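I have placed the structure first, in the form of structure tokens, so that the comments after it can refer back to it.
The values are calculated or read from the model by the stated rules, or taken from the named source; none is laboratory data. These figures come from a predicted structure and were not determined experimentally. Cβ: placed from backbone, ideal geometry, glycine included. Neighbour counts: every protein chain shown. The protein model used for the area step is the full one, side chains on, heavy atoms only, and it has no ligands, DNA or RNA in it. Shrake-Rupley method; radii C 1.70, N 1.55, O 1.52, S 1.80 Å.
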Amino acid sequence: MKDVKITKEIIEQHGLTEGEYKRIVEILGREPNITELGIYSVMWSEHCSYKSSRIYLKRLPTDGECVIQGPGENAGVVDIGFNKAIVFKIESHNHPSFIEPYQGAATGVGGIVRDIFTMGARPIALMNSLRFGPLSEKENVNIMEGVVSGIAGYGNCLGIPDVGGEVYFDKSYSGNPLVNAFCLGIADKNSIFYGKASGVGNPVIYVGSRTGRDGIHGATMASSEFDEKSEEKRPNVQVGDPFLEKLLLEACLEAFKTGYVVGIQDMGAAGLTCSSCEMGSRGDTGIMIDLEKVPLREEGMTPYEIMLSESQERMLLTVEKGKEDEIINIFKKWDLEACVIGEVTDDNNLTVMMGSDLVAKIPNKSLTDECPIYKRPVKKPDYLDEVSDFDPNELPVPGDLNRVFFDMISSPSHSSRRWIYEQYDHMVRTNTVVLPGSDAAVLRIKGLPIFLAMSLDGNGKYCHFDPKNGGKIAVAESCRNIVCSGGKPLAATNCLNFASPENPEVMWCFSEVIEGMREACEMFNTPITGGNVSFYNETMGEGIFPTPVIGMVGVVRDRVHITTAGFKDYGDMVVLLGKNRGHIGASDYLELVFGEKRGLSPQIDLKEEFNLQGALYEMIVEGYVKSAHDCSEGGLAITLAESCFLSHLRDMGVFIELPDDLREDFMLFGEDQSRVVISIDEDDFDRVKHIAEKWNVPISTIGFTTKGKFEVKVGNHLFLYGNSEFLRNIWKSALDEYFK
Amino acid sequence: MIKCGVVIFPGSNCDHDAYHVSKHVMDFETVFLWHKDEDLKGCDFIIIPGGFSYGDYLRCGAIASFSPIMKSIKKFAMDGGIVIGICNGFQILLESSLLPGALIKNKNLKFICKFVDIRVEKQDTPFTNSCTKKVLRIPIAHHDGCYYLEQSELDELEKNGQVLFRYSTPDGEITEEANPNGSLNNIAGITNREGNVLGMMPHPERASELILGSFDGKMIFNSVYNFLKKKGNN
């Protein structure tokens with residue numbers, strides 16, 4: 001293996017450019033051997049290096065009073081008071097999930113969970129954001145079924161509740177499903193662990209699963225687009241073992257308590273390579289490892305294969321010299337393999353031995369901080385010049401809007417997500433106070449008076465039709481969901497899913513989305529503490545919508561502030577906060593009824609949104625709000641319907657009268673931002689109105705909750721009507737139909 | 001004071017939940033029992049919690065039934081000790097032959113997590129003497145919860161009054177729609193013939209505090225408390 005001659009073909013197969021190869025030769029002062037070439041190829045892959053996105057990511061606000069650790073570590077860490085910190089991150093596993101949906105999604109969960117407990121935190125919640133092609137195509141149904149079972153299979157076994165998330169369907173995700181997994185953990189503020197190797201001479205310990213040939217070059221696979229040969233990449237997808245991960249989780253948390261763990265990092269993408277050089281790089285040290293000591297699953301593995309394997313459920317630790325036996329014994333107690341494979345050195349190199357043979361010696365920093373960085377060409381896409389040409393008034397008004405409404409609540413996009421979340425154990429650990437289905441999940445923290453609210457949001461279509469505005473909306477909506485649940489947004493993580501960065505139009509959208517997110521994060525004072533970028537989400541030249549996903553976390557200060565989306569009692573007043581503008585561009589209504597994806601996405605005014613959230617929060621804290629539900633895709637009609645369907649009373653209905661100052665279909669299905677529907681006790685209206693006026697937020701009474709019937713009028717005409725329990729049953733089981 | 005032991009197998013994941021309810025909600029003296037140990041530490045009451053012991057490899061609960069701690073628990077149960085196996089714990093009790101029958105894959109072949117209603121079939125037991133409601137609302141979360149037993153043995157089980165909980169409508173009707181997993185006779189929980197060992201699929205520890213949407217599950221722990229207290233006084 002050592003003697004493999006590095007040819008042009010080999011360099012190309014490793015996804016390295018000629019320029020990048022030259023740089024490697026310069027750094028090393030010689031030609032690399034094949035192992036070294038492999039190491040560079042994974043570390044300089046888009047997936048590991050962020051070489052196309054780094055210059056943009058720097059623009060995002062990452063600092064704040066509450067931030068203990070921003071981007072650059074395994075996960076972000078945020079102070080929530082009471083000497084506790086939350087550790088959270090979102091990560092994509094898109095490419096593997098397309099090739100092998102079950103294992104791809106499962107190992108996505110496994111990876112993000114390791115990132116969290118590696119930092120010393122006990123993982124307490126999972127969420128996921130999913131995108132699939134239309135369910136009218138069987139292939140997409142199969143992918144979705146596999147992905148959901150994969151997430152369930154892994155997360156349920158670990159005993160971490162999967163408390164929420166979101167799913168969208170669009171043609172652009174056919175062949176490019178997105179699987180973004182979020183995990184949140186809780187730790188003592190003063191015992192956070194980092195992926196740093198320090199203390200020259202400290203032993204490096206390998207724990208967990210044995211190293212096999214699976215997943216070699218996974219990171220490189222995730223850094224290229226798919227073609228008709230993608231099926232052949234199946235062996236590149238790793239196979240997960242959640243049981244082993246559960247043992248690893250418990251054993252690591254026990255090991256941390258000894259106080260002897262100096263640094264720790266999981267072996268995710270690029271396995272042993274990435275964990276060893278990153279730990280050295282962050283600690284400003286070197287690491288020497290001997291591959292003869294690495295526990296192997298198969299015989300005859302070469303150094304190249306060992307270094308590049310992505311076998312799951314493995315960790316690398318550095319511990320205090322002399323304490324290795326105590327640490328190893330803890331892992332043994334949990335029936336896990338653990339052994340010393342090397343030590344921390346002072347030369348800033350990654351040194352890889354195979355017994356007495358030197359197989360690689362590379363400066364750490366050249367693999368991490370000093371990897372190539374690109375400012376890729378950008379170009380505004382041509383289609384964006386045409387979107388504003390769209391005049392919605394030219395569209396005819398459909399004859400039967402009730403039919404449109406019925407179709408909507410029974411479509412995959414708007415029906416209940418019950419089919420998904422009932423497959424996830426969302427109650428284990430007995431902290432889930434607000435179950436899936438509401439605007440945000442709310443968890444208690446045993447022993448603390450506060451609660452955590454969390455939500456995932458991102459609308460690719462909005463970003464496609466106005467990237468910057470779409471970026472703002474992703475942040476604004478995730479904050480709105482937190483506030484609707486009674487919380488104050490604290491900090492966020494993001495997962496940026498895009499097509500090829502080598503396409504200047506994709507890069508332009510990327511840059512715009514980041515800019516939008518930056519503005520919104522600054523407005524809501526929610527720093528981004530980490531996340532992940534996934535490029536090359538395209539198959540045979542067809543890319544996905546630019547899809548940023550925001551994972552927002554907030555704090556609910558008091559139990560009585562917890563608010564849910566479902567109406568509570570018959571006869572409550574239904575109040576709309578915010579202004580109806582009847583925006584129909586890029587809406588679901590336009591797509592469902594007219595089969596068109598056109599027009600600018602609804603524009604958001606961040607100041608207006610800020611005021612809305614401020615007003616709503618004050619109303620909740622003052623105790624006036626019985627239910628609150630954010631108005632998003634599908635407009636007012638869907639918001640009202642969901643608040644009925646999510647009620648604990650099966651026959652909860654509404655009688656609503658909307659003004660006729662807008663076209664009826666635009667009024668019902670327009671997707672204007674910065675709107676929330678709340679229900680209150682009628683007697684509280686004056687006080688609620690007073691708060692709205694103070695914040696300069698438009699407020700209107702639009703109706704009352706009733707028993708049994710769902711009725712919505714615009715002007716004098718009753719457009720939407722039906723038996724609410726019947727509609728609820730349709731909505732509740734619509735998704736099941738696709739999986740029978 | 002009542003002393004409760006919560007068993008930890010590799011892969012148990014409702015161990016902390018059971019511990020929390022026992023210690024902080026019920027105020028029992030509570031200890032964890034490690035699967036490799038044989039010592040029950042003088043507990044009056046044993047909970048075998050849910051989870052995926054040994055990853056559910058081979059068969060759910062199969063490997064756990066051979067552990068050192070189960071040897072002691074079998075003896076404890078034979079001597080009349082109170083044991084509850086919840087979810088995977090129920091599976092372990094079946095595999096250990098402390099209870100009859102088997103749990104096979106749910107009829108829809110998927111994991112199901114949701115609140116269900118279960119009807120209390122008998123009230124004069126260590127587990128139900130304080131149930132003030134006929135129907136309890138308690139969540140399930142399992143992939144293999146379809147209770148199965150040969151017809152003749154099933155008849156025997158019914159005749160002996162060993163069926164303690166059945167999936168029902170909120171009004172207590174036993175219907176097919178109310179049966180989430182296809183269990184024979186809508187069975188959600190059974191006891192051994194002597195009545196001191198309970199296995200159930202629903203998770204009472206997840207429904208023991210108002211903030212979690214239901215505290216019906218607490219009635220089961222209250223019943224155990226009352227039973228043990230009376231026993232202690234005698």
Just checking, how many residues over region A:1-19 are within 34 Å of the chain's Cα centre (by Cα), outside any helix (DSSP H, G or I) and surrounded by fewer than 18 Cβ atoms within 10 Å (Cβ to Cβ)?
-> 1
Given the conditions (1) away from chain B (no Cβ under 14 Å); (2) surrounded by fewer than 24 Cβ atoms within 10 Å (Cβ to Cβ); (3) not acidic (Asp, Glu), report the number of the one that A:TYR462 does not fulfil.
-> (2)
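With the requirement that a residue be touching a helix residue (DSSP H, G or I) at 6+ places or on another chain (Cβ under 6 Å) and open to solvent by 20 Å² or more (accessible area, probe 1.4 Å), what does region A:607-620 give you? Full working, then the answer.
The initial filter retains those residues of region A:607-620 that are touching a helix residue (DSSP H, G or I) at 6+ places or on another chain (Cβ under 6 Å), namely A:609-610, A:613, A:615-620.
The answer is A:PHE610, A:TYR617, A:GLU618.
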Pick out the one residue from A:SER455, A:SER438, A:SER416, A:SER478 that is surrounded by 24 or more Cβ atoms within 10 Å (Cβ to Cβ), more than 11 Å from every other protein chain (Cβ to nearest Cβ) and part of a loop (DSSP other than H, G, I, E, B).
-> A:SER438
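On the given criteria, is A:VAL397 part of a loop (DSSP other than H, G, I, E, B) and more than 26 Å from the chain's Cα centre (by Cα)?
Against the criterion (part of a loop (DSSP other than H, G, I, E, B) and more than 26 Å from the chain's Cα centre (by Cα)), A:VAL397 qualifies.
Just the residues that are acidic (Asp, Glu) and either buried (at least 16 other Cβ atoms within 10 Å of the Cβ) or closer than 14 Å to A:GLU370 by Cα (or both), please, taken from region A:20-37.
Step one: list which residues in region A:20-37 are acidic (Asp, Glu), which gives A:20, A:26, A:31, A:36.
Answer for region A:20-37, where residues must be acidic (Asp, Glu) and either buried (at least 16 other Cβ atoms within 10 Å of the Cβ) or closer than 14 Å to A:GLU370 by Cα (or both): A:GLU20, A:GLU26, A:GLU36.
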Quickly run through region B:192-213 and pick out the residues that are open to solvent by less than 10 Å² (accessible area, probe 1.4 Å) and not in a helix (DSSP H, G or I).
-> B:VAL197, B:LEU198, B:GLY199, B:MET200, B:MET201, B:PRO202, B:HIS203, B:ALA207, B:SER208
If you take the residues in region B:126-140 that are among the hydroxyl-bearing types (Ser, Thr, Tyr) and within 20 Å of B:GLU194 (Cα to Cα), which one is surrounded by the fewest Cβ atoms within 10 Å (Cβ to Cβ)?
-> B:SER130
Of all residues in region A:38-55 being part of a helix (DSSP H, G or I) and small (Gly, Ala, Ser), the one that is surrounded by the fewest Cβ atoms within 10 Å (Cβ to Cβ) = A:SER49
Which condition does B:THR175 not pass, out of (1) under 18 Å from the mean Cα position of the chain (by Cα); (2) part of a loop (DSSP other than H, G, I, E, B); (3) polar (S, T, N, Q), if it passes all the others?
-> (1)
Could you tell me which residue of region A:673-728 is nearest to A:PRO659 (Cα to Cα), considering only residues that are open to solvent by 40 Å² or more (accessible area, probe 1.4 Å) and of a type in the set (Phe, Trp, Tyr)?
-> A:PHE704
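Among the residues of region A:519-538, what is the count of those that are β-branched (Val, Ile, Thr) and either part of a loop (DSSP other than H, G, I, E, B) or open to solvent by 20 Å² or more (accessible area, probe 1.4 Å) (or both)? Before the answer, list the steps.
Let us first name the residues in region A:519-538 that are β-branched (Val, Ile, Thr), namely A:526, A:528-529, A:533.
Filter again for either part of a loop (DSSP other than H, G, I, E, B) or open to solvent by 20 Å² or more (accessible area, probe 1.4 Å) (or both), leaving A:526.
Residues meeting the conditions: 1.
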B:GLY189: passes all of (1) outside any strand (DSSP E or B); (2) open to solvent by less than 10 Å² (accessible area, probe 1.4 Å) but (1)
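Does at least one position in region B:155-172 carry a residue that is buried (at least 17 other Cβ atoms within 10 Å of the Cβ), within 14 Å of another protein chain (Cβ to nearest Cβ) and in contact with a strand residue (DSSP E or B) (Cβ under 6 Å, 6 or more places away or on another chain)?
no
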Within the group A:ASP389, A:ASP385, which residue is part of a loop (DSSP other than H, G, I, E, B), away from chain B (no Cβ under 14 Å) and free of Cβ contacts under 8 Å to residues at least 40 places away in the same chain?
-> A:ASP389
Pick out the one residue from A:THR432, A:THR493 that is crowded, with 24+ Cβ neighbours inside 10 Å and touching a Lys or Arg at 6+ places or on another chain (Cβ under 8 Å).
-> A:THR493
Which members of region B:198-234 meet the condition of being away from chain A (no Cβ under 14 Å) and touching a Ser or Thr at 6+ places or on another chain (Cβ under 6 Å)?
-> B:LEU198, B:MET219, B:ASN222, B:SER223, B:ASN226
What are the residues in region A:621-644 that are open to solvent by less than 10 Å² (accessible area, probe 1.4 Å) and on the phi < 0 side of the Ramachandran plot, if any?
-> A:SER627, A:ALA628, A:ASP630, A:CYS631, A:LEU636, A:ALA637, A:ILE638, A:THR639, A:LEU640, A:ALA641, A:SER643, A:CYS644
Which of the residues that make up region A:355-387 are open to solvent by less than 40 Å² (accessible area, probe 1.4 Å) and of a type outside the set (S, T, N, Q)?
-> A:GLY355, A:VAL359, A:ALA360, A:ILE362, A:LEU367, A:CYS371, A:PRO372, A:PRO381, A:LEU384, A:VAL387
A:MET279 vs (1) closer than 18 Å to A:THR345 by Cβ; (2) surrounded by fewer than 24 Cβ atoms within 10 Å (Cβ to Cβ); (3) of a type outside the set (S, T, N, Q); (4) touching a Lys or Arg at 6+ places or on another chain (Cβ under 8 Å): all pass except (2)
Of all the residues that make up region A:420-439, how many are out of contact with any Cys (no Cβ under 7 Å at 6 or more places or on another chain) and within 25 Å of A:ALA474 (Cα to Cα)?
-> 9
Exactly one of (1) surrounded by fewer than 21 Cβ atoms within 10 Å (Cβ to Cβ); (2) at pLDDT below 95; (3) out of contact with any helix residue (DSSP H, G or I) (no Cβ under 8 Å at 6 or more places or on another chain) is unmet by A:GLU292. Its number?
-> (2)
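Got a sec? Which helices (runs of 4 or more DSSP H) wholly within region A:575-693 have at least 2 residues that are within 19 Å of A:ASN481 (Cα to Cα)? So that I can check it myself, show each step before the final result.
On the way: elements: A:588-594, A:606-621, A:635-645, A:664-669.
Of the helices (runs of 4 or more DSSP H) lying wholly inside region A:575-693, those with at least 2 residues that are within 19 Å of A:ASN481 (Cα to Cα) span A:606-621, A:635-645.
Which residue out of A:VAL239, A:VAL148, A:VAL163 is in contact with a helix residue (DSSP H, G or I) (Cβ under 9 Å, 6 or more places away or on another chain), at pLDDT below 90 and within 14 Å of chain B (Cβ to nearest Cβ)? Break it down stepwise before answering.
Values: A:VAL148 fails: at pLDDT below 90; A:VAL163 fails: at pLDDT below 90.
Testing whether each residue is in contact with a helix residue (DSSP H, G or I) (Cβ under 9 Å, 6 or more places away or on another chain), at pLDDT below 90 and within 14 Å of chain B (Cβ to nearest Cβ) leaves just A:VAL239.
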Would you check if there is a residue in region B:106-128 being hydroxyl-bearing (Ser, Thr, Tyr) and touching a strand residue (DSSP E or B) at 6+ places or on another chain (Cβ under 7 Å)?
-> yes
Condition test on B:THR125, is it polar (S, T, N, Q), closer than 22 Å to B:LYS3 by Cα and touching a residue at least 24 places away in the same chain (Cβ under 8 Å)?
-> yes
